[in-house]
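Participant: The structure is given below, and queries will be raised subsequently.
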Amino acid sequence: MAAHLLSLNVGRSEPSTAKNVGVTGIAKRPVASAVLRAPGPKHGGLGSGVEGDFLGDTRHHGGDYQAVYAFAREELDWWGDQLGRELPHGMFGENLTTSGLDVDAALVGERWAVGDEVVLEVCGPRIPCATFAARMGERGWVKRFSEVGRTGAYLSVVTSGTVRPGDAIEVVARPAHDITVPDTFRAFMGDLDLAERVLAADCLVEVEAAELRETVARRRSSGAELD
């Protein structure tokens, strides 16, 4: 079957002990439709790019370049086999559960058309956190998830509109470089040579590029590897 949106998921405010903010919206649940729109800056904007979706930790999540989170159903099924449990749509906190699309093969900067209205742009990987670990309830989850390195993708909203389960997803533009979402994740997680490749491709938004440049420079000057 052609690539399509299998499930559209939004979160509501729930108590959380994982972070100081005390609330989370990671437990996403399927809805029949939602408007996707650019939420504005991470600090002071609307938070999620999915209307009606709650984000608890807006210091680290949300904003224009983490507006929407996509994860492939095929990856959820793989993890379900590894963990010996069923993982429902939205279990990883994803807004878009896709089918027939290799989300982790996406190039940073490629664009997807979703349904008849919406265009999204791939911005980078999801970095696992304490809230995700608490949601999963699996020992050593952050390390295990990071070692696999297929994180799904954060996307920005280029063209807003309404999406629904069943909407087709089509890759409509790809950049000239070859930097994938997992490449970017590994760069941030410790691969110094790959970090320099990512920076050379000039594919990151400036705030993330600046962070990566600073880390590379610090490690190069100290003669140490990233950790």
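The values are calculated or read from the model by the stated rules, or taken from the named source; none is laboratory data. Quick caveat, the model's predicted, so the values are computed rather than measured. FYI the Cβ positions are ideal-geometry reconstructions off the backbone, even for glycines, and counts take in every protein chain you see. All accessible areas refer to the heavy atoms of the entire protein, side chains included, with ligands and DNA or RNA removed. Shrake-Rupley method; radii C 1.70, N 1.55, O 1.52, S 1.80 Å.
Participant: Could you give every pair whose Cβ atoms fall below 7 Å, whose first residue belongs to the range 208-220 and is closer than 17 Å to Asp193 by Cβ, and whose second residue is of a type in the set (Phe, Trp, Tyr), counting only separations of at least 6 or pairs across chains?
Facilitator: Short answer, once both residue conditions are applied: Leu212/Phe188.
Participant: So which residues in the range 8-35 are surrounded by 14 or more Cβ atoms within 10 Å (Cβ to Cβ) and over 17 Å from Ala67 (Cα atoms)? Before you say what the answer is, go through the steps one by one.
Facilitator: Initial filter on the range 8-35 (surrounded by 14 or more Cβ atoms within 10 Å (Cβ to Cβ)): 8-11, 16, 18-19, 21, 23-28, 30-31, 34-35.
Across the range 8-35, the qualifying residues are Ser16, Ala18, Lys19, Val21, Val23, Pro30, Val31.
Participant: Is there any pair with a first residue in the range 95-115 that is closer than 17 Å to His177 by Cα and a second that is among the basic types (Lys, Arg) and open to solvent by 10 Å² or more (accessible area, probe 1.4 Å) whose Cβ atoms are under 6 Å apart and which are 6 or more apart or on different chains, and what are they?
Facilitator: Once the first residue is closer than 17 Å to His177 by Cα and sits in the range 95-115, its partners that are among the basic types (Lys, Arg) and open to solvent by 10 Å² or more (accessible area, probe 1.4 Å) give Asp104/Arg150; Leu107/Arg174; Glu110/Arg174.
Participant: Tell me whether the range 59-67 contains one or more residues that are of a type in the set (A, V, I, L, M, F, W, C), surrounded by 24 or more Cβ atoms within 10 Å (Cβ to Cβ) and not in a strand (DSSP E or B).
Facilitator: Keep residues of the range 59-67 that are of a type in the set (A, V, I, L, M, F, W, C), which gives 67.
From what's left, surrounded by 24 or more Cβ atoms within 10 Å (Cβ to Cβ): 67.
With not in a strand (DSSP E or B) added as a condition, the list becomes 67.
Yes, that holds for at least one residue.
Participant: Hey, can you tell me all the residues within the range 193-208 that are part of a helix (DSSP H, G or I) and either surrounded by 15 or more Cβ atoms within 10 Å (Cβ to Cβ) or modelled with pLDDT of 95 or more (or both)?
Facilitator: So the first thing to find is which residues in the range 193-208 are part of a helix (DSSP H, G or I), and the list is 193-201, 206-208.
Result: Leu194, Ala195, Glu196, Arg197, Val198, Leu199, Ala200, Ala201, Glu208.
Participant: Something else: Just to be sure, is Glu86 among the charged types (D, E, K, R), surrounded by fewer than 18 Cβ atoms within 10 Å (Cβ to Cβ), on the phi < 0 side of the Ramachandran plot and assigned to a loop (DSSP other than H, G, I, E, B)? I'd like the intermediate steps shown before the answer.
Facilitator: Values: among the charged types (D, E, K, R): yes; surrounded by fewer than 18 Cβ atoms within 10 Å (Cβ to Cβ): yes; on the phi < 0 side of the Ramachandran plot: yes; assigned to a loop (DSSP other than H, G, I, E, B): yes.
So Glu86 fits the description; yes.
Participant: What is the residue count in the range 130-141 for residues that are touching a residue at least 40 places away in the same chain (Cβ under 8 Å), of a type outside the set (Gly, Ala, Ser) and surrounded by fewer than 17 Cβ atoms within 10 Å (Cβ to Cβ)?
Facilitator: 1
Participant: Out of the residues in the range 107-122 meeting the condition of being open to solvent by less than 10 Å² (accessible area, probe 1.4 Å) and touching a Phe, Trp or Tyr at 6+ places or on another chain (Cβ under 8 Å), tell me which one is nearest to Phe145 (Cα to Cα).
Facilitator: Step one: of the range 107-122, the residues open to solvent by less than 10 Å² (accessible area, probe 1.4 Å) are 108, 110, 112, 114, 118, 120, 122.
Then keep just the ones that are touching a Phe, Trp or Tyr at 6+ places or on another chain (Cβ under 8 Å); that gives 120, 122.
Working: Leu120: 25, Val122: 20 Å.
My answer is Val122.
Participant: For Arg144, indicate whether it is touching a residue at least 40 places away in the same chain (Cβ under 8 Å), open to solvent by 60 Å² or more (accessible area, probe 1.4 Å), within 26 Å of Thr24 (Cβ to Cβ) and among the basic types (Lys, Arg). Give the steps one after another, and end with the answer.
Facilitator: On the way: touching a residue at least 40 places away in the same chain (Cβ under 8 Å): no; open to solvent by 60 Å² or more (accessible area, probe 1.4 Å): yes; within 26 Å of Thr24 (Cβ to Cβ): yes; among the basic types (Lys, Arg): yes.
For Arg144, the condition - touching a residue at least 40 places away in the same chain (Cβ under 8 Å), open to solvent by 60 Å² or more (accessible area, probe 1.4 Å), within 26 Å of Thr24 (Cβ to Cβ) and among the basic types (Lys, Arg) - is not met.
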